[in-house]
Each structure stands twice: as C-alpha cells, then as structure tokens.
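**Q** The structure's right below; bear with me while I get my questions together.
The values are calculated or read from the model by the stated rules, or taken from the named source; none is laboratory data. This structure is a prediction, so every number in the text was calculated from the model and none was measured. For neighbour counting, all protein chains shown are included, and Cβ atoms are generated from backbone atoms with ideal geometry for every residue, glycine included. Surface accessibility is based on the protein's heavy atoms, side chains included, excluding ligands, DNA and RNA. Shrake-Rupley method; radii C 1.70, N 1.55, O 1.52, S 1.80 Å.
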Amino acid sequence: MNRNDFKEHSRITVTWRDKEGKLRPGNFYVYALLKDAMIVRATDKDGLLRKLPYADVLRIVKAKEVAPQDRYLIPEEVLKEANWKDRDVMMRYSSSPHRGK
C-alpha cells in the first residue's frame, strides 16, 4: 500500500502486519498521512496513537470518511513528522466537539 490509498480523517478496517510479523485485523482512525507512514488510533483496542507504515498494511477491508463535526481533534504539532521520527506509539487523548468531549 502507499499514501494514495488512504485519506486523513477516515475510519479504516485493514489487515496489517505487526512487529512480530503476524497478520492482524485492525480498526483505525487515520489522523495524518506522513511520508512513509500514517498516524492512526486503534479504535477497537488500547486507543493509543500509532505510527503505522503503509508497507505494513496488506489489505483495506473497509474505509469510511468521517464527517467534519465527528472528527477527533489532536493538535497539529503532535501529528508532525518530526515528532514521530523516533517513536512508534504515543498516549494522547483526543476529542470530538460534536460528541461533547
């Protein structure tokens, strides 16, 4: 997969390869698209922000764009590529104004 296969502020269901090389199903909210990876939040697991390389995604099962009023917001500074250079995971709370959070 490459960057053109994904869109910011969308929910995706994919088959991806974890660090141990095992294939896993995953539900993610895509925050930002970087050069070689995307910043996502697992919506069905721990809720941590992750840097998911495009090469680790083997198949997109489902993709749905999120309406502007339902988008989860994180400061742009957190999503910049320089902040993710040396990390793969980050704990960060996000909210959606439409959901009252």
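**Q** If the Cβ limit is 7 Å and pairs must be 6+ apart or interchain, which residue in segment 1-20 that is touching a residue at least 60 places away in the same chain (Cβ under 8 Å) pairs with which residue that is in a loop (DSSP other than H, G, I, E, B)?
**A** His9/Val66; His9/Arg71
**Q** Something else: Limited to segment 27-67, what total is found for residues that are without any contact (Cβ under 8 Å) to a residue 40 or more places away in the chain, outside any strand (DSSP E or B) and either at negative phi or open to solvent by 40 Å² or more (accessible area, probe 1.4 Å) (or both)?
**A** Counting residues in segment 27-67 that are without any contact (Cβ under 8 Å) to a residue 40 or more places away in the chain, outside any strand (DSSP E or B) and either at negative phi or open to solvent by 40 Å² or more (accessible area, probe 1.4 Å) (or both) gives 6.
**Q** Using beta carbons and a limit of 8 Å, which pairs, at least six apart or on different chains, have the first residue in segment 70-88 and touching a residue at least 12 places away in the same chain (Cβ under 8 Å) and the second one exposed (fewer than 13 other Cβ atoms within 10 Å of the Cβ) and not hydroxyl-bearing (Ser, Thr, Tyr)?
**A** Asp70/His98; Asp70/Arg99; Leu73/Pro97; Glu81/Lys35
**Q** For segment 1-26, how many residues are assigned to a loop (DSSP other than H, G, I, E, B) and surrounded by 16 or more Cβ atoms within 10 Å (Cβ to Cβ)?
**A** To start, the set of residues in segment 1-26 that are assigned to a loop (DSSP other than H, G, I, E, B) comprises 1-2, 6-9, 18-22.
With the extra rule that they be surrounded by 16 or more Cβ atoms within 10 Å (Cβ to Cβ), the set shrinks to 1, 6, 9.
The number of residues fulfilling the criteria is 3.
**Q** State whether the residues of segment 70-77 include one that is assigned to a strand (DSSP E or B) and modelled with pLDDT of 85 or more. Quick ask: steps written out before the conclusion?
**A** Residues of segment 70-77 that are assigned to a strand (DSSP E or B), as a first pass: 73.
So of that shortlist, the ones also modelled with pLDDT of 85 or more come out as none.
No, every residue in segment 70-77 fails to be assigned to a strand (DSSP E or B) and modelled with pLDDT of 85 or more.
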